[in-house]
Amino acid sequence: MDIDWDGITHVTKVDPAKPLPSDLGALEGTDLVLVGGSDDVTETNTLEAIAAIDDAVPSLPVFQEPYSSSHVSKSTIEAADYLSVPAVYNGDREHFVGKHVDLFTEVGRKPEAVLGASLPVVGDLISSKGADAVADLATNVIGEGYVIQHLESTAAATSGVEATYSPEQVAGAALATETFYGFPIFYIEYSGTYGGPADVEAAARYLEETALFYGGGIDSREKATEILEAGADAIVVGDCFHDDPETFLETIPE
Ligand code: 1GP
């Protein structure tokens, strides 16, 4: 699936460990769903959430955003359009590089668990034929350059974030994402609180190819508009989707 980043201005973050609203029709107006959370996520609840979203709005792109390779399987990779993996700049080493190498190591070591086929193995590693299949799989994995700016959030605690970035550092992380790391998404994460436009304005100056996502505390048309006008390509709405579907609808740009 090719992603039309220009068409994505509203993203819904669905936490598979939380109950879904009884009517998922509200998702008709969103452009992309990220399925992921920071607590109690499993392969099973991820698959259930993706299936429910696909049933409600079959054309909607759905990405799995795992925090552990234990949530990722052949089934989740087949069910989601992409595996979108955060690389947390201001977190601990594990959350910038460690888990990513673990994920790809797992894919290489036990490809049949991830790819479903019995691939030829040489010693502890797969053969070159199997390596092609692994390379195909890797094209379904994208990285998100991620900055977590709310220290009281579960996301910060889980990722070892001990300090937030200044707007200048956010801008630096954005520039590195675009020019050095090459991730397609740069994500400013204020999970659970509204961070305002300053970081978005700082990051937007440097981003042309990279999609700029902002998430955190968006629960009104005014906040959604403020962040988009500050230069975000997309707002990400999470809590409000689970807790207050009517307010969620207000966050969708007209
Ligand atoms: C969380 O960025 C998302 O990962 C959305 O944040 O839950 O505060 O809307 P909220």
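The values are calculated or read from the model by the stated rules, or taken from the named source; none is laboratory data. Every value quoted in this text rests on a predicted model; they were computed, and no experiment measured them. Every residue, glycine as well, gets a Cβ built from its backbone with ideal geometry; the counts of neighbours run over all protein chains shown. The protein model used for the area step is the full one, side chains on, heavy atoms only, and it has no ligands, DNA or RNA in it. Shrake-Rupley method; radii C 1.70, N 1.55, O 1.52, S 1.80 Å.
For the reader, a short list of remarks on this structure follows.
- Test: residue 28 is surrounded by fewer than 15 Cβ atoms within 10 Å (Cβ to Cβ), away from the ligand (no atom under 16 Å from the Cβ) and of a type in the set (D, E, K, R): yes
- When residue 212 is tested against the conditions (1) open to solvent by 10 Å² or more (accessible area, probe 1.4 Å); (2) part of a strand (DSSP E or B); (3) not hydroxyl-bearing (Ser, Thr, Tyr), the lone failure is (1).
- Filtered residue count, the range 193-209, keeping only those that are closer than 20 Å to residue 247 by Cα and either more than 20 Å from the chain's Cα centre (by Cα) or assigned to a helix (DSSP H, G or I) (or both): 1
- Search result, residues across the range 233-254 that are in contact (Cβ under 8 Å) with a residue 40 or more places away in the chain and open to solvent by 10 Å² or more (accessible area, probe 1.4 Å): 233, 238, 239, 242, 245, 249, 252, 253
Rundown of residues vs (1) assigned to a helix (DSSP H, G or I); (2) closer than 15 Å to residue 244 by Cβ; (3) of a type in the set (Val, Ile, Thr), yes/no style:
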site	(1), (2), (3)
16	no, no, no
21	no, yes, no
28	yes, no, no
34	no, no, no
44	yes, no, yes
50	yes, no, yes
53	yes, no, yes
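- Residue match in the range 181-201 (condition: free of Cβ contacts under 8 Å to residues at least 40 places away in the same chain, surrounded by 24 or more Cβ atoms within 10 Å (Cβ to Cβ) and of a type in the set (A, V, I, L, M)): yes
- The range 7-25 - residue that is under 16 Å from the mean Cα position of the chain (by Cα) and more than 14 Å from the ligand (Cβ to nearest atom) and, of those, farthest from residue 83 (Cα to Cα): 9
- Among residues of the range 215-232, those that are over 20 Å from the mean Cα position of the chain (by Cα) and either β-branched (Val, Ile, Thr) or surrounded by fewer than 17 Cβ atoms within 10 Å (Cβ to Cβ) (or both), counted: 5
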